[in-house]
Amino acid sequence: MNFLKIKNFFLDLFFPKFCLNCQREGSYLCLDCQGLLEIQKENFCPVCQKRALNFKTCRNCQRKTNLNGFFFALNYENPLIKKLIHKFKYDPFIKDLAEILADLIISHLTLVEFKFPENSIFLPIPLTKRRLKWRGFNQAEEIGKYLSSYYQIPIFNDVLVRKKFNLPQAELSGKERIENVKNAFSCQNQEKIWRKKVFLIDDLSTTGATLEEAAKILKENGAREIFGLVVAKG
């Protein structure tokens, strides 16, 4: 038994996990309650929510985007996924939920039979320094670590930089969210994204403003294609 297994054994012994939905001991999300989460089996436009094949210009709403693709595992209206994401991001911060949330993304990508192309990389959406200090971790990066390990795709947390403080998106209206993240990012270590296919990772996307702004700066710095990859769409 290696050190990690021993550590996890004692953590489970003295600090057992209980399903956040039904309180069954053993996991933060038991197998029965996983069945309450309806994983998306298709891809949808992040704006009009209709099935989309071409992401550059949705044939339904005609809205152009910097994203070459957008993937989300669940609709945020599901009360259980709301609860899981809230427990992950807010005090007392159940950091271990990162693995469960990453598994939901993996399930979605499996259902839509998506295969990562060559030269793919993962980039987590960065937090402000103030937000990172408050939470103690970047939730997008923690999800990304599990995805990186599962798919054997490199993840970089030193490319996108949040260059200004902005309010949490959840506290703002649609138009305010767009203005809130305008010019919020800068790009460094440009060689890591040059001509690469970049998958932006986050836990939640509502208006898509954050992903759009990040995609814009990455395109300007040489990324070939940009995809959004999130747990839930609001």
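The values are calculated or read from the model by the stated rules, or taken from the named source; none is laboratory data. Here the structure is a predicted model, which means the values were calculated and not measured. A quick note on method: Cβ atoms are made from the backbone with ideal geometry, for glycine too, and the neighbour counts reach across all protein chains shown. These area figures cover heavy atoms from the full protein model, side chains too; ligands, DNA and RNA do not enter into them. Shrake-Rupley method; radii C 1.70, N 1.55, O 1.52, S 1.80 Å.
Listing for the model above:
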item: Residue satisfying all of: in the stretch 200-234; assigned to a helix (DSSP H, G or I) and aliphatic (A, V, I, L, M); surrounded by the fewest Cβ atoms within 10 Å (Cβ to Cβ) among these; result: ILE217
item: Pick from the stretch 23-45, criterion of a type in the set (A, V, I, L, M) and in contact (Cβ under 8 Å) with a residue 12 or more places away in the chain, ranking: nearest to THR207 (Cα to Cα); result: ILE39
item: Residue in the stretch 135-146 that is modelled with pLDDT of 95 or more, hydrophobic (A, V, I, L, M, F, W, C), assigned to a loop (DSSP other than H, G, I, E, B) and closer than 20 Å to LEU20 by Cβ present; result: yes
item: Hits in the stretch 18-36 (condition: of a type in the set (A, V, I, L, M, F, W, C), part of a loop (DSSP other than H, G, I, E, B) and open to solvent by less than 70 Å² (accessible area, probe 1.4 Å)); result: CYS19, LEU20, CYS22, LEU29, CYS30
item: Failed condition for GLU176, given (1) surrounded by 15 or more Cβ atoms within 10 Å (Cβ to Cβ); (2) at pLDDT below 95; (3) among the charged types (D, E, K, R); result: (1)
item: Flag for LYS17 being at pLDDT below 65 and out of contact with any Pro (no Cβ under 8 Å at 6 or more places or on another chain); result: no
